[in-house]
Structures are given as structure tokens and as C-alpha cells.
Amino acid sequence: MARQSTSGKLTALKVKQAKPKDKPYKLSDGASMYLAIQPSGSRYWRMKYRINGKEKLLSIGIYPDVSLADARLTVADARSNLAKGIDPNQKKRDEKFNNTTNTFENIANEWLQKQSGSWSDGHAEKVIKSLKVDVFQAIGGMPIQSISAQQILAVIRKVEARGALDVASRVKQRISSIFRYAWCTGKVESNPADALYNVIKTRTVKHRPMLPPAELPDFLRKLDDYQGQKLTQLALKLLVHTFVRPGELRGAEWSEFDIGKAEWRIPAKRMKMNEEHVIPLSIQALEIISELAKLTRKHCFLFPGVRNRKITMSENTLTYAIRKRLGFDATAHGFRSTASTILNESGFKPDVIEKQLAHSERNKVRAAYNHSLYLADRKQMMQWWGNYLDSQRCDNNVVSFLKIK
């Protein structure tokens, strides 16, 4: 930067009239404070000072946002702190980090806003609920810069103590992501959650039990004689015929069904992969839906709650019915594996089956191609599946004519 073009005390008029030059220059106000003027016309208040034998530079602000008078007040405060052995830059940094608006909860809400566009509504609700229940009560009101790794670990241990090990792992991941966002936006200097590597307890992974294909005929016959709630029986029947994820079934709304086209279109916001999913409906599935209409057509959901019709059926209803009422060691989610196994063994194209299972295709060009190519194939497959289930219900041996050539 060029040498000072003037020295001594500045005036408001002199500052206002200062014009940019070909090279940067500065106007001194004394007491090591000056106005740095750039060729672009930008003007910055600065103050040079020394502490612990090192020369440093304090950024005061941009003119005209910060006036001459305000800049002088900042310099006076800085010189007062220097006299006490306090570094003005460090004090400024501490005040920024300890700002009451920079609480963990406030920063988390900023992070949630940034993430919401890439999440389904259902996933976003789960994350928000988890933070409110497991995190905010403990550290939500604390300045995010002041939170230590030990305090984060205490939050995680509390979740672990109730046996929710998977939740504890997700809570740790979310806290780490929030700190990473805070670091990127200059609100913290480090991510203490990163220090908690390999500290969370783990459990042996258990795959969701599928119903063995050999047990399918017995299951279907017992389901026909189900003595529990009619709505639960129909939910299980539709689940078997469509092999969607249990959450997708429970959240099904009447507005998603086009009976004329024999299609169920689940909107992207309700899907795990955040993409619309089309389920071709077999004749058998349409008959189940017709029965459902007599029970719940006046409501939003096909499977509303028993006590509150404005919410969906309980998350555990289906698996409880399979295990406790019908006596099979399987889960509602496991029917996806049962269907996949049988369809693969019966000669259907793996790509068609994967598309119907709503498994994401990583190659976007291939995904677009598959979407247009496989809908007709999937309609044929889903009707075959409905016929196959009928054959299993009636006679375990009458299946050969259904094999794909």
C-alpha cells in the first residue's frame, strides 16, 4: 500500500470526499487508526497495534457503514483493552462466538433450513423431533462455541441408556453435521463431535426377518381368517400384494390412487429416495382397495389411527399382527424380500424387480430409461404376483403354470 497521503486527525468531510486512486492508499487519523482506500472505491477502517511483541491489524468496519466517530470509539475501546493486556482481535472473536444468537439450537435451525430442500417431509420431521427430544433440552441453549466433546458425549450416553443405540448414532451424526455447518459459517473454530470417534456402543446387526416363501401359503390362509381389526387385515393384504415399505403403506392417502389407471403414485416427499414411485395395481389389489373404501374413504388416509382418524395407523401395528396374532417370525418390511426372492426365482428381470422395490438407480440416464421402459413390464409382473398369491392361498402345489418362460 502507498504511503499515507495525509496525517493527523481526519474530519467527516475529508473522509466523505476521499477519492480512489490507481493504487491503494490510506488516510491516518492518529493513534494507529487509518482509513484504507482501495482503487475500487471501497473504504475500510483499520488499526495497527502491538501485543506480546507482535504487530497486528484490527479490522474496524467499512465506511460509510461505520462512521468516523464510531471508528474512533472502537479504537478507544481497543486501546483500553490493550492497556489491560487484552488482544482486541481475540476479544472480538470471543464476542462473536459467545453471541447469544449463536446458541446450538439457533444454529441447528439454520442447518435444518439448509437441508430441508433435499429431505422428504417425513424425514425432516423425524430429524427435528430427534433434536428436540434428545439434544436441545441438554445443549440447545448453550453458545455453540462453548460446547465440549464431553458435553456432547453426555447427550449421546443418555440416548444409549434407554437402549436406543441406532438413535444414539444418528444423534451423534446430526450434532457433528451442525457443528460442521457452524464451522463453515464462521461460528465455531472446531468440531468437538469429531473427537468422539468409535465411542458409541454398537449392537449386532439383525436383518429384518422375511417370511420364507415356503410359509407363504400358510400365512395367506391364516390372514384370510384373521380375527383382529379388519383394517389391519386389509393393510397386511395390500402390503403383500404391493410389497411397499410399511411406512409408505401406512401413510397412503386416497388422493394418491387412480383407480381408472389402476395405479398408486406415492409422491416423492413420502419416498425414501425422494422420487415419485408408481405401483401398478393388480385386480386383486383393486379388490382390497374397494373393501378399504367402505371403511375409510371419507378420511384422508387409507389406514388412519383407531382413536385419531387424522393420523396414520401405528408404526408397530403390522409387525405385531404378523408375530403375535398370526404367529410368524417375520416383519412387515420382510415381505419385500419375500416378493423379491420369488420374483427373481420365477424369471423376472432383476431391473424390473428393483424398480418395483423403489431401489434407487445411481446412473441418472439409465434411471430415466428404466422409468419409461419398465412400467409396462411392472404392470405385467404385478398382475402375475396377484395371480401367484391366489394360487398359493388355494393350493400350494398349483404354481407351475405361473412360471415365466
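Values quoted throughout were computed directly from the atomic coordinates according to the rules given, and no laboratory measurement underlies them. Just so it is clear, the structure is predicted and the values come from calculations on it, not from any experiment. Cβ atoms come from the backbone with ideal geometry, glycine included; neighbour counts cover every protein chain shown.
Grab every C-alpha pair in segment 35-189, bin the distances at 5 angstrom width from 0 up to the longest one, and report whole percents.
It works out to 2, 8, 14, 15, 13, 12, 9, 8, 8, 7, 4, 1, 0, in whole percents.
Segment 280-309: which trypsin sites (Lys or Arg not before Pro) are DSSP loop and have at most 14 other beta-carbon atoms within 10 angstrom?
Those that pass, being in a loop and sparsely packed, are ARG297, LYS298, ARG307, ARG309.
Using helices alone, what [θ] at 222 nm do you get for the chain, with -39,500 (n - 2.57) per DSSP H run of 4 or more residues, divided over all residues and rounded to the nearest 500?
-14000 deg cm²/dmol
log₁₀ I(q)/I(0) of segment 104-195 at q = 0.18 Å⁻¹, via Debye over equal Cα point scatterers, no solvent, to two decimals?
-0.76
How far is it, in nm, from the label point at GLU55 to the one at ASP329 when both lie 7 Å from their Cα along the line to the Cβ?
Reported label-point gap for GLU55 and ASP329 is 7.9 nm.
About the Cα centre of the chain, what is the dipole size in debye to 20, counting +1 per Lys and Arg Cβ and -1 per Asp and Glu Cβ, all else neutral?
I would put it at about 1800 debye.
Rounded to the nearest 20 Debye, what is the dipole magnitude of segment 73-183 about its Cα centre when Lys and Arg each give +1 and Asp and Glu each give -1 at the C-beta? Write down the numbers at each step before the final one.
Values: 17 positive and 11 negative charges, 37 e Å.
Charge dipole, segment 73-183, about its Cα centre: 180 debye, nearest 20.
Gap in Å between the Cα centre of segment 283-326 and the Cα centre of segment 51-98?
65
Give me the net charge of ALA285's neighbourhood, meaning all other residues with Cβ under 12 Å from the Cβ of ALA285; Lys, Arg count +1, Asp, Glu -1. Numbers along the way, then the final one.
Values: positive: LYS237, LYS379; negative: GLU263, GLU287, GLU291, ASP390.
Overall, the nearby charge balance is -2.
Using only the alpha carbons, work out the radius of gyration and Dmax of segment 284-339 in angstrom.
Gyration radius and largest Cα-Cα distance of segment 284-339: 13.1, 35 Å.
Which whole-percent values make up P(r) of segment 14-127 when all C-alpha to C-alpha distances are grouped in 5 Å steps starting at zero?
For segment 14-127, the pair-distance distribution reads 2, 10, 16, 15, 12, 10, 10, 8, 7, 6, 4, 1, 0.
What translational diffusion coefficient, to the nearest whole µm²/s, does the chain have by Stokes-Einstein, given a Kirkwood radius computed over alpha-carbon pairs, a temperature of 37 °C and 0.692 mPa s viscosity?
Working: Rh = 26.9 Å.
Using the Kirkwood radius from Cα pairs, D works out to 122 µm²/s.
When LEU82, LEU68 are ordered from fewest to most other Cβ atoms inside 10 Å of their Cβ, what list results? Working shown, then result.
Working: LEU82 15, LEU68 21.
Fewest to most other Cβ atoms nearby, the residues stand as LEU82, LEU68.
Let me spell out the model: positive unit charges on the Cβ of Lys and Arg, negative unit charges on the Cβ of Asp and Glu, origin at the Cα centre of segment 213-402. What dipole size does that give, in debye rounded to 20?
On the way: 29 positive and 22 negative charges, 162 e Å.
Value, rounded to 20: 780 debye.
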